[in-house]
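Engineer: A single structure is presented below for examination.
A short reminder: the numbers here are calculations on the coordinates, not readings from a lab. Note that the structure is a prediction, hence the values are computed from the model and not measured. In this analysis, Cβ positions are derived from the backbone assuming ideal geometry, glycine residues included, and neighbour counts consider all displayed protein chains.
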Amino acid sequence: MLAACVNNVVFQDSKELPAYGWNKDSVVVFNYIATDTAGIYDIVIDVRNDGSYRYQNLWLFVNSFSPDFIEFKDSLECVLADNHGKWIGKGSGSLRELPVSYAEQIKFPKLGVYRFELIQGMREDTLVGIHDIGLRIIKN
């Protein structure tokens, strides 16, 4: 099943975050060019963190914009550790990667550029321990 998902990835990008931390004013942007209005897609956000991350979860604010500039705002909780503090993601050493489902079974109704903005929504101004954040769009 994983191999099927890999072959159906139509967009994948990842942004490395500063070593000193992800400031809540720093917006991570991904631009996806939709060339298919009939297909059905899933959107996944990939989070890589290390052992210095102090929380079980990560709240994200997700702003998306269609080619005709219609804005959609959402929030997403990424659960990174269980109730005992064990990291859920896969990886070796202290670095872990976790795919988090953001949207399932959606269509891109207009051709053109869709913009996705990710902003950390935690209470700390600068969040330490998140290495990078990514976005994948998978055709079903």
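Engineer: Output the number of the condition that Arg115 fails; it satisfies all remaining conditions of (1) in a loop (DSSP other than H, G, I, E, B); (2) in contact with a Ser or Thr (Cβ under 8 Å, 6 or more places away or on another chain); (3) surrounded by 14 or more Cβ atoms within 10 Å (Cβ to Cβ); (4) not aliphatic (A, V, I, L, M).
Structural biologist: Every listed condition holds for Arg115 apart from (1).
Engineer: Those residues that are in a loop (DSSP other than H, G, I, E, B) and over 16 Å from the mean Cα position of the chain (by Cα), I need them from region 89-112; list them, please.
Structural biologist: First, pick out the residues of region 89-112 that are in a loop (DSSP other than H, G, I, E, B): 89, 91-95, 107-111.
Once the filter is applied, which keeps residues that are in a loop (DSSP other than H, G, I, E, B) and over 16 Å from the mean Cα position of the chain (by Cα), region 89-112 yields Gly91, Ser92, Gly93, Ser94, Leu95, Lys107, Phe108, Pro109, Lys110, Leu111.
Engineer: Still on this structure, I have one more. Going by the conditions given, is Leu60 under 11 Å from the mean Cα position of the chain (by Cα), surrounded by 15 or more Cβ atoms within 10 Å (Cβ to Cβ) and closer than 16 Å to Glu104 by Cα?
Structural biologist: Working: under 11 Å from the mean Cα position of the chain (by Cα): yes; surrounded by 15 or more Cβ atoms within 10 Å (Cβ to Cβ): yes; closer than 16 Å to Glu104 by Cα: no.
When the stated conditions are applied, Leu60 does not pass them.
Engineer: Condition first: without any contact (Cβ under 8 Å) to a residue 40 or more places away in the chain and outside any strand (DSSP E or B). Now tell me which residues in region 55-88 satisfy that. Steps first, please.
Structural biologist: Within region 55-88, the subset without any contact (Cβ under 8 Å) to a residue 40 or more places away in the chain is 56-57, 69-74, 76-88.
Those that are without any contact (Cβ under 8 Å) to a residue 40 or more places away in the chain and outside any strand (DSSP E or B): Gln56, Phe69, Ile70, Leu80, Asp82, Asn83, His84, Gly85, Lys86, Ile88.
Engineer: Next question, about the same structure. I'd like to check something: does region 37-54 contain any residue that is part of a strand (DSSP E or B), more than 12 Å from the chain's Cα centre (by Cα) and exposed (fewer than 15 other Cβ atoms within 10 Å of the Cβ)?
Structural biologist: Within region 37-54 (the criterion being part of a strand (DSSP E or B), more than 12 Å from the chain's Cα centre (by Cα) and exposed (fewer than 15 other Cβ atoms within 10 Å of the Cβ)), the answer is no, since none of the residues qualifies.
Engineer: Could you tell me whether any residue of region 32-47 is of a type in the set (D, E, K, R) and either closer than 15 Å to Arg136 by Cβ or in contact with an Asp or Glu (Cβ under 6 Å, 6 or more places away or on another chain) (or both)? Can you show your working first?
Structural biologist: So the first thing to find is which residues in region 32-47 are of a type in the set (D, E, K, R), and the list is 36, 42, 46.
If we keep only those that are either closer than 15 Å to Arg136 by Cβ or in contact with an Asp or Glu (Cβ under 6 Å, 6 or more places away or on another chain) (or both) too, we end up with 42, 46.
Yes: region 32-47 contains one or more residues that are of a type in the set (D, E, K, R) and either closer than 15 Å to Arg136 by Cβ or in contact with an Asp or Glu (Cβ under 6 Å, 6 or more places away or on another chain) (or both).
Engineer: While we're here: Within region 63-103, track down each residue that is exposed (fewer than 10 other Cβ atoms within 10 Å of the Cβ) and either acidic (Asp, Glu) or touching a helix residue (DSSP H, G or I) at 6+ places or on another chain (Cβ under 7 Å) (or both).
Structural biologist: Result: Asp68, single match.
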